[in-house]
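A quick write-up on the structure given underneath.
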Amino acid sequence: MRDPLLSIEDLVVEFRDPHRPGGVLRAVDGVSLTIAPGEILGLVGESGSGKTTLGKTILRLYEPREGRLRLKGLDITHLDEAGLRPHRRAMQMVFQDPLSSFNPRHTVGEALAVPLRLHRLCAPSDLAARVARSLEEVGLRPDFADRYPHQMSGGQLQRAAIGRALTLSPELIVADEAVSKLDVSVRAQILNLLRAVQARTGLAMVFITHDLHVARFLCHRIAVMHFGKLLEIGPTEDVFQHPQHDYTRALLGTLHAREARARTPS
Ligand SMILES: Nc1ncnc2c1ncn2[C@@H]1O[C@H](COP(=O)(O)OP(=O)(O)O)[C@@H](O)[C@H]1O
Ligand SMILES: [Mg+2]
């Protein structure tokens, strides 16, 4: 196996427990895994299992209580903001709700220009052309640069959010329920876009979803989370065909039951 892009070792993330004064809640409880360059890793599990917390901690949006994060061998677990800055570019996030991830008062073109300007990646005179190219890469016409978020559909906005994440040529994208709010027909288009983007750029992706169908379609490997712990991890078809844990079987069981119902004419 190639050197991992990211390695996570015995990661623990805790929050204050709102229901017990002084108590803590372990949202991520000793998770270890690696992500290879160019890999799409699916993070699945029920709501509350710690998927989002793990994804955000990978990007150092949350501080881990214990454990290590290594990006290409470099320990980034406790780097401060200044130390993180050069690595922030390498890792980007795409969220579930594209509308809330854009500033309503900025056009989409302005939103895509911000990271380029911040990181001084582009001469001001080239910004417009660079933004137009980013939009085209995610299947949006260049004139979408002049639109405001409320003038776009959910699918168009999620394309723009993916385009914005790609402007900095990241090596890793964490996509958190990125298609969950979209209509089924649009969902397939965005999944195909993510797959095409991954193949073209070679970036790695942590794809967080509670939808096992979606995970099976997109992901090379699947990691199953349950109450903050990593229950099992393996190549997608191995996990689907030979789940190691009763919990995974139960998750898949609900999937198979749904499939069976869908096949049964009513
Ligand atoms: N910012 C936070 N503050 C306090 N508790 C949180 C926070 N984020 C998540 N949690 C708690 O951590 C656990 C895992 O949540 P989360 O990572 O959002 O799970 P998932 O994404 O799998 O639904 C839940 O019990 C949740 O209530
Ligand atoms: Mg979540």
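Per Stokes-Einstein, at 4 °C and 1.567 mPa s, what whole-number D in µm² s⁻¹ belongs to the chain, with the Kirkwood radius over Cα pairs as the hydrodynamic radius?
In µm²/s, the coefficient is 66.
Give the ranking of Ser185, Ser153 by solvent-accessible surface, highest area first, calculated with a 1.4 Å probe.
On the way: Ser185 80, Ser153 55 Å².
Sorted by accessible area, descending: Ser185, Ser153.
Tell me the per residue accessible area of region 111-266 using a 1.4 Å probe; a whole number in Å² is fine. Let's see the in-between values first.
Numbers: 7780 Å² over 156 residues.
Roughly 50 Å² per residue, with all protein chains present.
Lys and Arg at +1, Asp and Glu at -1: add these up for the other residues within a Cβ distance under 10 Å of Leu5 and post the number. Let's see the in-between values first.
Details: positive: Arg2, Arg70, Lys72; negative: Asp3, Glu39, Glu171.
Local charge sum for Leu5: 0.
In whole Å, how far is the Cα centre of region 1-63 from that of region 70-125?
20 Å
Return the sequence-ordered ³J(HN,Hα) values of region 121-126 in whole Hz as given by the Karplus equation 6.51 cos²θ - 1.76 cosθ + 1.60 applied to θ = phi - 60°, using x for Gly and Pro.
9, 8, 5, x, 6, 9
Can you give me the % of accessible surface on region 1-141 that is carbon or sulfur? Probe 1.4 Å, all protein chains present, nothing else counted. Let's see the in-between values first.
Working: 3760 of 7500 Å².
Answer for region 1-141 is 50 percent, counting heavy atoms of protein chains only.
Just to check I understand the Karplus step: with θ = phi - 60° and J = 6.51 cos²θ - 1.76 cosθ + 1.60, what whole-Hz values come out for region 11-28, glycine and proline as x?
These are the phi-based 3J(HN,Hα) values: 6, 10, 10, 10, 10, 5, 7, x, 9, 10, x, x, x, 10, 10, 8, 7, 10 Hz.
If each DSSP helix of 4+ residues adds -39,500 (n - 2.57) and the sum is divided by the residues in the chain, what number results at 222 nm, nearest 500 deg cm²/dmol?
Helix-only estimate at 222 nm: -11500 deg cm²/dmol.
Quick check on region 89-210: take the gyration tensor over C-alpha atoms, sort the square-rooted eigenvalues as a ≥ b ≥ c, and tell me if it's rounded (a/c under 1.5), prolate or oblate.
Working: a/c = 1.68, a/b = 1.23, b/c = 1.36.
Note, shape of region 89-210 comes out oblate.
Which of these, Ala199, Ala123, Ala188, has the largest mean-square fluctuation under a Gaussian network model of the chain (Cα springs below 10 Å)?
Ala123
Amide H neighbours of Ala36 under 5 Å, counting only residues 5+ apart in sequence or on other chains, H built in-plane at 1.01 Å?
When sequence neighbours closer than 5 places are left aside, the close amide H contacts are Leu5.
Would any residue of region 69-112 have its amide N under 12 Å from a label point 7 Å out along Cα→Cβ of Glu9? List them or say none.
69-71, 73-77
Assign one of three labels to region 77-142, namely rounded, prolate or oblate, based on the Cα gyration tensor with a ≥ b ≥ c the square roots of its eigenvalues; rounded applies when a/c is under 1.5, prolate when it is not and a/b is larger than b/c, and oblate otherwise.
On the way: a/c = 2.08, a/b = 1.38, b/c = 1.50.
The shape class here is oblate.
In whole percent, how big is the carbon plus sulfur part of the accessible area of region 164-266, probe 1.4 Å, protein atoms only? Write out the running numbers ahead of the final one.
Values: 2780 of 5040 Å².
So the carbon and sulfur contribution to the accessible surface is 55 percent.
The values are calculated or read from the model by the stated rules, or taken from the named source; none is laboratory data. It should be emphasised that the depicted structure is a prediction, and the values quoted were computed from it without experimental measurement. Cβ: placed from backbone, ideal geometry, glycine included. Neighbour counts: every protein chain shown. We work out accessible area using only protein heavy atoms, side chains counted, and drop any ligands, DNA or RNA first. Shrake-Rupley method; radii C 1.70, N 1.55, O 1.52, S 1.80 Å.
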